[in-house]
Amino acid sequence: MDLKKTSLVIFLILVAIGLFVIYPSEIKTPFTTLINKTQIQNKIKIEITPSIKKIKSTHIIKFEIDIESFENTEIIDQDLSETSFGIINSDLIKPTKWKPYQQSKYHVKGTLFFSPIPPTFETDSQSSVSPNVLKLLIFDPEEREYTWTY
């Protein structure tokens, strides 16, 4: 019985090592979460937390968004991938998908996803003096702008 346990442990260790070698380190790179921003405008409260993952010179961006409104509930049912866009430095980026994961009549939480941003965009600072600027604009129908530097 000890031989079976020892064999099982050795097998599991080899599988774990194999997965570590096969599983690319780029995929394992965690997202960097920027500071959240909250804005109340036209009786609608929106809180946004962006996350960025940099793999080589490609950027992957997503926004966790929490919207609450008791009087202007039409925004709760909006597809934010159709009513918003992002800007990195001066480059326009369009969202690919809005995925709500919690929703009620007056409240919605979800994630706004963007396609990976290729290195052709000016997303890498040319010097340590000029950081990247990330903006998210949401139209509900008024424009809301959120800005971060990283």
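Residues that are surrounded by fewer than 22 Cβ atoms within 10 Å (Cβ to Cβ) and in a strand (DSSP E or B) within the stretch 53-67 comprise LYS53, LYS54, ILE55, THR58, ILE60, LYS62, GLU64, ASP66, listed in sequence order. Residues in the stretch 78-88: is at least one surrounded by 17 or more Cβ atoms within 10 Å (Cβ to Cβ), under 22 Å from SER104 (Cα atoms) and not polar (S, T, N, Q)? Among the residues of the stretch 78-88, at least one is surrounded by 17 or more Cβ atoms within 10 Å (Cβ to Cβ), under 22 Å from SER104 (Cα atoms) and not polar (S, T, N, Q), which makes the answer yes. When the stretch 68-99 is limited to residues that are assigned to a strand (DSSP E or B) and aliphatic (A, V, I, L, M), the one that is farthest from GLU142 (Cα to Cα) turns out to be ILE88. Taken residue by residue, the stretch 113-122 has at least one member that is at pLDDT below 95, of a type in the set (Ser, Thr, Tyr) and in contact with a Lys or Arg (Cβ under 9 Å, 6 or more places away or on another chain).
Against the criterion of being among the small types (Gly, Ala, Ser) and at pLDDT 95 or above, SER25 does not qualify. Residue count for the stretch 53-91 under the criterion of being closer than 15 Å to LEU112 by Cα and of a type in the set (Lys, Arg): the result is 2.
The values are calculated or read from the model by the stated rules, or taken from the named source; none is laboratory data. Owing to the predicted nature of the structure, the values given are computational and were not obtained by experimental measurement. Because the Cβ atoms are built from the backbone with ideal geometry, glycine has one as well, and the counts that use them run over all protein chains shown.
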